[in-house]
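The values are calculated or read from the model by the stated rules, or taken from the named source; none is laboratory data. Quick caveat, the model's predicted, so the values are computed rather than measured. Positions of Cβ are backbone-derived with ideal geometry, glycine not excepted, and every protein chain shown enters the neighbour counts.
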Amino acid sequence: MSRKIQRSWPGQEAMTLLEVLLALVIFTIISNMALAIFSTTTIWIKHSRYESTATYYAASLLEELREKPEKIKSVSMAEPEILGLGEGYTPAIPPGISARIDMEKVDALDRLYRIRVTLSWYEGEQKQKLCLLTMMRKGESGL
C-alpha cells in the first residue's frame, strides 16, 4: 500500500534552476556582509591588544622610575634596557613593540624632570605610536 505525499504547492514538481540560483545569490550577499563585520572587528581587537599592551608596558616603566629615582638622568631617546628598566615586566613585551625614553631636566633647583615614554609598532603597513608623559622629582624615594 503506497501513500501519496501531499505537496505544499499543488502542481509544482520541484524548484527550478532559477529559484536555486536566486537563493544562492541571496545567501552569498548575506554571508559577505557577515564576514565584513567580523573582519573589521578582528582588526579592532588586534589594534586594542597592541595599544593596551603598550600602555601597560609604558606605565610599568614609569612606575619603575618612580621606585628607582636614581635612574632618572638627562637622556634622549634611550632604550629601557640601556637604563636598566623593564626587567621585571611580565608578560614579556611583544617583539613588534619598540620603546624609547626621553628625560629632560626642567628645573635645576627642584631636580624636576620631564619624562616621555614613546612606544611604536607596525600594524600591517601603518606605523602606530603611543606616548606617555609625566613629571618626576629626582631624590629619595622614602615614602
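Within the stretch 1-31, the residues that satisfy the criterion of being at pLDDT below 90 and either of a type in the set (Phe, Trp, Tyr) or part of a helix (DSSP H, G or I) (or both) are Trp9, Leu17, Leu18, Glu19, Val20.
Note on the stretch 99-143: among residues that are hydrophobic (A, V, I, L, M, F, W, C) and at pLDDT below 75, the one that is surrounded by the most Cβ atoms within 10 Å (Cβ to Cβ) is Ala108.
Scanning the stretch 47-75 for residues that are in contact with a strand residue (DSSP E or B) (Cβ under 7 Å, 6 or more places away or on another chain) and exposed (fewer than 13 other Cβ atoms within 10 Å of the Cβ) returns Lys73, Ser74. Scanning the stretch 36-79 for residues being under 16 Å from Ser120 (Cα atoms) and of a type in the set (D, E, K, R) gives a total of 4.
Considering the stretch 83-98, and only residues there that are exposed (fewer than 15 other Cβ atoms within 10 Å of the Cβ) and modelled with pLDDT of 80 or more, the residue that is farthest from the chain's Cα centre (by Cα) turns out to be Ser98. Among the residues in the stretch 65-82, are any polar (S, T, N, Q) and either farther than 21 Å from Gln128 by Cα or touching a Gly at 6+ places or on another chain (Cβ under 7 Å) (or both)? Yes: the stretch 65-82 contains one or more residues that are polar (S, T, N, Q) and either farther than 21 Å from Gln128 by Cα or touching a Gly at 6+ places or on another chain (Cβ under 7 Å) (or both). Out of curiosity, is Thr42 over 19 Å from Cys131 (Cα atoms) and either in a helix (DSSP H, G or I) or free of Cβ contacts under 8 Å to residues at least 12 places away in the same chain (or both)? Yes; evaluated as a whole, the condition is true for this residue.
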